[in-house]
Amino acid sequence: MDKFQEIYQIGEDIYLNPELGFKEVHTSSLVENYVKKYFPDVVIERFAKTGIKFNIGNKKPLHIAFVAELDAVFAPSHFHANPKTGAAHNCGHYSQVAIILHLFRSLIENEKYEKFDFSMGFVFVPAEEYLDLEFRHKLKDMGEISYLGGKPEAMKLGIFDEYDLAICVHAMGGIFPERSIEINCDLAGFMYKNYKFKGKAAHAGFAPFAGVNAYSISTLFNVALGLARQQIDEKHLVRINPVILESNMGVNVIPNEITVGTDIRAHSVEYMMKLSKDLDNMAKGSAMALGGQVEIENNMGYLPFIQSRYLSNFVRKAYEKFDIIKVCKDENPISAAGDIGDLSFMLPCIQIGYSGFKGTIHGDDFIHDDIEYIFSIFPQFLMKVLEEMNEKIDKTKLYKRTYEEYKKAIDILGGINEK
Ligand SMILES: [Zn+2]
Ligand SMILES: [Zn+2]
């Protein structure tokens, strides 16, 4: 079987057998088998239940990690969802795994990796999507993981300590008439908050005036939030999505408790923290106005992802010499988030987007379309990126922070993410 066919089959196999985060058993065994087949001497390190890491060649002063995400999304209505688990590959992670494996094989063919002035490692990370939280909280309680996201978990385990930079790839959402890539697509960070509004129960007919309506307090809070949007600076690409998480309402009782949950997404941590305080004030003010109370809980999600412009420049240069790819989208930040943001706190990262799909990303019909591009041409392009980087990366332009520094930053942000 030729390289393309084999890689495409692995991609399809993962696509048709989607697994949620920290449960990617089949997916990671496919990775392991493929790697061992072509690189029998490999030393594989397993981490965080299903994560896989290995290096090729001797370590050089500059050490690069290729990162791929193993997990699927919870999307039971997707046309290829697993009927039992509801998992579906509508974020394209299956193709990342296949692409990175293709690159791996091209690098070890004739020991091509020896040509480069940097050494390379491969990290297949579980659980990028922030979901299935009940299961993950259970894993946390059992002491099997500390973080709900795979990359922060890997960071804690020291998986990335030896690397100087990381290269990731990700499917681009949307239809592109021409073969495209994307660089410098920054992602928002996010935190989420729970506001438990407390009132006082009373008979709704007999004595409503004796109660304090917690639902009314939450309505007032929602109105304040709506009006406050005018005061939110657009440049931080903020998203706020308040929803009712819990209530115990019945029509004949003045509701005495309701919990509103909301995320706050922004491209700046400082701005996210400012908004967090603003929302707290709105919640407290609403409770005070109607004679009730509010309890506030903060949870840190992921940090914003600011892509390394320095490293993206090498991608752009490779693109300019690579005719088959026609479009390079640049500088289109979005308000989705990813745990690559956390990783980029420790070391410079880029995430190169690739087109070739149809349907809606995270929707019900997402699937590969231009298979030659995804599973063959794009991995070849990544090799060109490496050639472009060879002997040109100036280590003084890179940064490195420790896991301890990361933990400190998250703690300041109210990070209850870690147990
Ligand atoms: Zn996703
Ligand atoms: Zn994704």
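Local charge for E45 was computed over the other residues whose Cβ lies under 15 Å away, with Lys and Arg +1 and Asp and Glu -1, and equals +1. What the Cβ-Cβ distance of E12 and N390 gives, at R0 = 41 Å and to the nearest 0.05, is a FRET efficiency of 0.80. For a paramagnetic label modelled at 7 Å from the Cα of I367 toward its Cβ, which residues of segment 80-94 fall within the zone defined by backbone nitrogen distances under 14 Å? Residues 80-82, 89-90 fall inside that zone. 3J(HN,Hα) along segment 358-369: 10, x, 9, 5, 6, x, 8, 9, 6, 7, 5, 10 Hz, from the Karplus curve 6.51 cos²θ - 1.76 cosθ + 1.60 with θ = phi - 60°, whole Hz, x for Gly and Pro. Rounded to whole numbers, the Karplus 3J(HN,Hα) couplings from phi for segment 307-318 are 5, 6, 5, 4, 6, 4, 4, 5, 5, 4, 4, 5 Hz, using 6.51 cos²θ - 1.76 cosθ + 1.60 with θ = phi - 60°, and x at Gly and Pro. Diffusion of the chain by Stokes-Einstein, at 10 °C in a medium of 1.306 mPa s and with Rh set to the Kirkwood radius over alpha-carbon pairs, works out to 69 µm²/s.
Return a whole-number percent for the relative contact order of segment 189-300, with Cα pairs under 8 Å and 6 or more residues apart as the contact set.
For segment 189-300, the relative contact order is 45 percent.
Computed with the Debye formula from one identical point scatterer per Cα of segment 61-149, without solvent, the log10 of I(q)/I(0) at q = 0.20, 0.21 Å⁻¹ comes to -0.96, -1.01. Each Lys or Arg adds one and each Asp or Glu takes one away; over the other residues whose Cβ falls under 12 Å from the Cβ of I240, this sums to +2. Ordered from longest to shortest, the equivalent ellipsoid semi-axes for segment 189-300 are 29, 12, 10 Å, each the square root of 5 times a Cα gyration tensor eigenvalue.
What ranking, highest mean first, results for peptides 247-256, 291-300 when packing means the other Cβ atoms within 10 Å averaged over each residue?
Answer by packing, highest mean first, reads 291-300, 247-256.
Phi angles of segment 141-149 translate, via the Karplus equation with coefficients 6.51, -1.76, 1.60 and θ = phi - 60°, into HN-Hα couplings of 4, 7, x, 7, 9, 10, 10, 7, x Hz per residue; Gly and Pro are given as x.
In the structure shown, the pairs K112/K407; K60/K358; K49/K115; K37/K112; K112/K395; K37/K140 are assessed against 29 Å; a Cα-Cα span above that value is assigned to K112/K407; K60/K358; K49/K115; K37/K140.
Take each peptide in 391-397, 106-112, count the other Cβ atoms within 10 Å of every residue, and average; sorted highest first, the result is 106-112, 391-397.
Under 5 Å from the amide H of K198 lie the amide H atoms of Q293, V294, E295, each residue being 5 or more positions distant or on a separate chain, with H modelled from the backbone and absent for Pro and chain starts. Scoring 344-356, 264-276 by mean Cβ neighbours within 10 Å over their residues and listing the highest first yields 344-356, 264-276.
Rounded to the nearest 500, the 222 nm mean residue ellipticity of the chain from helices alone is -10500 deg cm²/dmol, with -39,500 (n - 2.57) taken per DSSP H run of at least 4 residues.
Take every Cα pair under 8 Å whose residues are at least 6 apart in sequence, average their separation, divide by the length of the chain, and the relative contact order is 21 percent. Distance from the C-alpha centroid of segment 96-140 to that of segment 292-362: 17 Å, rounded to the whole angstrom. Charge tally around I175: other residues with Cβ under 15 Å, Lys/Arg +1 each, Asp/Glu -1 each, net -1.
Readers should treat all values here as calculations from the given coordinates under stated rules, not as data from a laboratory. Every value quoted in this text rests on a predicted model; they were computed, and no experiment measured them. When we count neighbours, we look across all protein chains shown, and the Cβ atoms used for this are built from the backbone with ideal geometry, even at glycine.
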